[in-house]
1. If you go through the range 241-284, how many residues are farther than 16 Å from L204 by Cβ, of a type outside the set (D, E) and either assigned to a strand (DSSP E or B) or touching a residue at least 60 places away in the same chain (Cβ under 8 Å) (or both)?
2. Of all residues in the range 128-186, how many are under 30 Å from T31 (Cβ atoms), part of a loop (DSSP other than H, G, I, E, B) and at pLDDT 95 or above?
3. Can you confirm whether the range 205-216 contains a residue that is polar (S, T, N, Q), modelled with pLDDT under 90 and closer than 26 Å to D167 by Cα?
4. Can you tell me which residue within the range 246-261, out of those that are of a type in the set (A, V, I, L, M, F, W, C) and more than 12 Å from V98 (Cβ to Cβ), is nearest to the chain's Cα centre (by Cα)?
5. Part of a helix (DSSP H, G or I), modelled with pLDDT of 95 or more and touching a strand residue (DSSP E or B) at 6+ places or on another chain (Cβ under 8 Å): which single residue out of L88, L63 fits that description?
6. Note down all Cβ pairs under 7 Å where the first residue falls in the range 285-301 and is under 23 Å from R232 (Cα atoms), the second is surrounded by fewer than 13 Cβ atoms within 10 Å (Cβ to Cβ) and not charged (D, E, K, R), and they're at least six residues apart or on different chains.
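The values are calculated or read from the model by the stated rules, or taken from the named source; none is laboratory data. Just so we're clear, the structure is a prediction, and the values are computed from it rather than from any experiment. When we count neighbours, we look across all protein chains shown, and the Cβ atoms used for this are built from the backbone with ideal geometry, even at glycine.
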Amino acid sequence: MTSQAAPRSPVPAPAEAVFPALGTTAALLVTDPPALPAAEAVLRAELAAVDATCSRFRPDSELTRVNLAAGTAVTVGERFAEALEAALRTAELTDGAVDPTVGRAVIALGYDRTFSSLRPDDVRPLPVFRPAPGWRSIVWNPRDRRLRLPVDTYLDLGSSAKALTADRAARRAAAAAGCGVVVNLGGDLAVAGTPPDGGWRIALADDHAQPARAHCPTVAVTTGALATSGVRVRTWRRAGRSVHHIVDPMTGEPAAPVWHTVTVAAADCVDANAASTAAIVLGHSAEDWLRRTGLPARLVDPDGRVVRLGGWPSDALPGGAR
């Protein structure tokens, strides 16, 4: 008498929710489709909280209140304190290449409203570029959450706050859903819970505006996070010059477009975003700086040349092609 193993039940495909948030696109995937509503509720709550806390574009946000109070000490809430400390840690890790005090410079370039509301061709003269005040000029007491900004200094927490939200939302959504989760907020991607067999297959668009994922290289992610920074999506023209949203704190100008996109893998999205954004700012120095971090990274220049560092794998196209 012989026995046969029962056929395996097919593994359901991950379920996905995609919607606009924080001026970009939020994408959520879960390994257990019935758990999608619970995970999505967590993500939406996290997005609403960070928008109320860290938005530059809401007159009622805590960030707006803090910026308007520059020069005087204010007490901030716990969530704002967490976002601020993530921004200060990012500045320290990147030797100031990514600095939260660039708010005035970003506004001066014309990014003073949501990106979808920007004039694509702003004819106003370019501003006089000035270095950012610098993150070390911030007076911060984490014990009582007291903050004082230098006079006429505006914080911009957008980069690190979005990455922090991806980390928080992925952890909380995985706990609520009881399954594997991916949260992707406009290129800031965090995973949590048990991934599918072989890991999550993440498409890497060298141009974030690429419509077809079929032609994008992919990478498998099982833990941690990926962040992609680039100079091609949030761009507009000012006085006939193409400008973008990633500002070099040393000059107050948009970072030179040495790299088209930079993608970095790290244990969490805050660190991955810090490194990918710093690489854009550092330009020609980015490769040496990234090598010292030891983080896996993939850099693409405007001509399409790809540089892989820290053990980043060769590009795999969907279907196994390379």
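1. 17
2. 3
3. So the first thing to find is which residues in the range 205-216 are polar (S, T, N, Q), and the list is 210.
Still in the list and also modelled with pLDDT under 90: 210.
Retained after the next criterion (residues that are closer than 26 Å to D167 by Cα): 210.
Within the range 205-216, one or more residues are polar (S, T, N, Q), modelled with pLDDT under 90 and closer than 26 Å to D167 by Cα.
4. The first filter runs over the range 246-261 and keeps only residues of a type in the set (A, V, I, L, M, F, W, C), leaving 246-247, 250, 255-256, 258-259.
Now drop any that are not more than 12 Å from V98 (Cβ to Cβ), which leaves 256, 258-259.
Details: A256: 19, V258: 19, W259: 16 Å.
For the range 246-261, the residue satisfying everything is W259.
5. Values: L63 fails: touching a strand residue (DSSP E or B) at 6+ places or on another chain (Cβ under 8 Å).
From the options L88, L63, the qualifying one is L88.
6. P296/G311
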